[in-house]
Amino acid sequence: MSSILEKVKGIEDYIISLRREFHETPELSGQEFKTQERIMRELDKLGIPYLKAGNTSLIATLKGGKEGKTIVLRGDIDALPIKEETDTPFKSKVPGVMHACGHDAHTAMVLGAAKILSEMKEEIPGEVRFFFQEGEETFTGAKKVIEARGMEGVDACFGLHGMPELETGYVNIEPGYRMAGCDTIYIKFEGVSGHGSVPHLAKDTIHPACVFVTDLQGILNKKINAQEPIVLSVGKFHGGTKANVVAKYTDLDITMRYFNPEVRKIAHEAIKKYAQAIAQAYEIKVEVIIEESALSLYNDDELAAIAAESCTKVFGEGKNLSLPKYMGSEDMPYYFQYAPGVYAFLGYKNEEKEAIYFPHHERFKIDEDYLKYGTALHIQFALDFLSSKS
């Protein structure tokens, strides 16, 4: 068993206590003021200086006793607008708000890592930066930390997320694409309204929009390599005002998930061109607005190899299991634009404790035994990276 894990076991009650406190007092994205205050009090106790960023984020910095590289350990702090339906004694005290994605655990683990690392400060060859980040659920927090110059001088980033596909004590770290990027595409067709009895005197938009939606998947299939995953879903279709009025406007809201940025570019161009072609054919106008929500998450090959070794030290042999890529999204990749990074999926599944639900479920629970593993992994990877020659 690693010496780091042994150190973490010595403060396991501290980490669990913090997690439960955060769980009882969840706050929505961009509104995590009490959470920020609580983290600041803990950082003050640890003697770790910090700066505020964005609305409620914090950038804390621990300088080691020797010169070296800089690594970021990131914990997201926001909760979700979900009414908790668990029976835990420390369930949410805020009506309609719940830590249903485990960010309370992520925050507690990073604070636990900060505590251990602060105690071995003189041994650290470099700098550890701790991001306590707001607004992950809205994909806004990472950008705010970056705007506050949090990524200046950073050489590597590390983050993780609890997942129920893995039992407690198991982890997944693999190189390459691990989570999808996400865009929302808004399309607005504009025609000419008129009476439903004489549609030839108007310019309908509902029929052209239907044609567009019906053929959209086929257009992409002919443009994109079938071995490159992409998901396109029309989630909203709204047109017209009344049965006997030809619809002047029809609006579509589309979500798109992808991994390869080149595929993303191809899809964007294909959607724009096809929308314009439909508009031209039916003699109407169209507006296409593409809103970036999150980038695809790519684990750096070299850092993933270092992290895999860190996993073995913390978890033991054979505990790093392979998992398929997730079509879900994260805002962690924005940090990876400034420095390479690695993102781990950490198992919290324990059927006896009813820790079986995927994030965003009203009965979401974690196995708190997984907190010590996540805390130790943060510490071990930070030390292994800072000590590496790369």
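The lone criterion from (1) surrounded by 11 or more Cβ atoms within 10 Å (Cβ to Cβ); (2) within 28 Å of the chain's Cα centre (by Cα); (3) under 22 Å from K325 (Cβ atoms) left unmet by A226 is number (1).
So V94 passes all but one of these: (1) among the β-branched types (V, I, T); (2) within 21 Å of T375 (Cβ to Cβ); (3) out of contact with any His (no Cβ under 7 Å at 6 or more places or on another chain). Which condition number does it fail? Evaluating V94 over (1) among the β-branched types (V, I, T); (2) within 21 Å of T375 (Cβ to Cβ); (3) out of contact with any His (no Cβ under 7 Å at 6 or more places or on another chain) leaves (2) as the failure.
Which of the residues spanning segment 94-124 are assigned to a loop (DSSP other than H, G, I, E, B) and within 25 Å of the chain's Cα centre (by Cα)? Within segment 94-124, V94, P95, G96, V97, H99, A100, C101, G102 meet the criteria.
Looking only at segment 237-253, how many residues end up being within 26 Å of the chain's Cα centre (by Cα) and either surrounded by fewer than 21 Cβ atoms within 10 Å (Cβ to Cβ) or not assigned by TED's automatic domain parsing to the domain that holds A202 (or both)? Reasoning before the result, please.
Going residue by residue through segment 237-253, those that are within 26 Å of the chain's Cα centre (by Cα) are 252-253.
Applying the additional criterion that residues be either surrounded by fewer than 21 Cβ atoms within 10 Å (Cβ to Cβ) or not assigned by TED's automatic domain parsing to the domain that holds A202 (or both) yields 253.
Looking only at that region, the number is 1.
Please enumerate the residues belonging to segment 202-233 that are free of Cβ contacts under 8 Å to residues at least 60 places away in the same chain, assigned to a loop (DSSP other than H, G, I, E, B), closer than 20 Å to S296 by Cβ and not β-branched (V, I, T). The answer is K223, N225, A226, Q227, E228. Of all residues in segment 305-332, those that are surrounded by fewer than 21 Cβ atoms within 10 Å (Cβ to Cβ) and touching a Leu at 6+ places or on another chain (Cβ under 7 Å) total 1.
Residues that are of a type outside the set (K, R) and either farther than 28 Å from E122 by Cβ or not assigned by TED's automatic domain parsing to the domain that holds I146 (or both) within segment 31-56 comprise Q31, E32, F33, T35, Q36, E37, G54, N55, T56, listed in sequence order. I'm checking my understanding of the structure. Among residues of segment 375-386 that are over 11 Å from P125 (Cβ atoms) and in contact with a Phe, Trp or Tyr (Cβ under 9 Å, 6 or more places away or on another chain), which one is surrounded by the fewest Cβ atoms within 10 Å (Cβ to Cβ)? The extreme case among them is A376. If you go through segment 3-14 one residue at a time, do you hit one that is crowded, with 18+ Cβ neighbours inside 10 Å, in contact with a helix residue (DSSP H, G or I) (Cβ under 9 Å, 6 or more places away or on another chain), within 27 Å of T140 (Cα to Cα) and touching a residue at least 60 places away in the same chain (Cβ under 8 Å)? No - not one qualifying residue is present in segment 3-14. Taking every residue in segment 186-197 that is in the same structural domain as A209 (by TED's automatic domain parsing) and pairing it with any residue that is of a type in the set (S, T, Y), at least 6 positions away or on another chain, the pairs with Cβ-Cβ distances below 6 Å are F189/T205; F189/T250; E190/Y249; G191/T205. Per the listing E152, E165, the residue uniquely in a strand (DSSP E or B) and either surrounded by fewer than 19 Cβ atoms within 10 Å (Cβ to Cβ) or touching a strand residue (DSSP E or B) at 6+ places or on another chain (Cβ under 6 Å) (or both) is E165.
Just to verify a result, which residue in segment 255-275, among those that are of a type outside the set (D, E, K, R) and in contact with a Phe, Trp or Tyr (Cβ under 8 Å, 6 or more places away or on another chain), is surrounded by the fewest Cβ atoms within 10 Å (Cβ to Cβ)? Can you show your working first?
First pass over segment 255-275, keeping only residues of a type outside the set (D, E, K, R): 255-256, 258-261, 263, 266-268, 270-271, 274-275.
Add one more test, that the residue is in contact with a Phe, Trp or Tyr (Cβ under 8 Å, 6 or more places away or on another chain), and what stays is 259-260, 267, 274-275.
On the way: F259: 21, N260: 18, A267: 22, Y274: 21, A275: 22.
Among those residues, the one meeting the criterion is N260.
Condition first: part of a loop (DSSP other than H, G, I, E, B) and under 28 Å from H195 (Cβ atoms). Now tell me which residues in segment 241-287 satisfy that. Passing the criteria: T241, K242, A243, N244, A247, K248, Y282, E283, I284.
Is one or more of the residues making up segment 72-81 in contact with a Lys or Arg (Cβ under 9 Å, 6 or more places away or on another chain), under 19 Å from L371 (Cα atoms) and part of a loop (DSSP other than H, G, I, E, B)? No: segment 72-81 contains no residue that is in contact with a Lys or Arg (Cβ under 9 Å, 6 or more places away or on another chain), under 19 Å from L371 (Cα atoms) and part of a loop (DSSP other than H, G, I, E, B). Screening I290 with (1) touching a strand residue (DSSP E or B) at 6+ places or on another chain (Cβ under 7 Å); (2) in the same structural domain as H378 (by TED's automatic domain parsing) gives one miss only, at (2). The set of residues in segment 327-342 that are within 14 Å of the chain's Cα centre (by Cα) and either over 22 Å from S310 (Cβ atoms) or hydroxyl-bearing (S, T, Y) (or both) comprises M327, G328, S329, D331, Y334, Y335.
The values are calculated or read from the model by the stated rules, or taken from the named source; none is laboratory data. This is a predicted model, so every value here is computed, not measured. Neighbour counts are summed over all protein chains in view; Cβ atoms, including those assigned to glycine, are modelled from backbone coordinates with ideal geometry.
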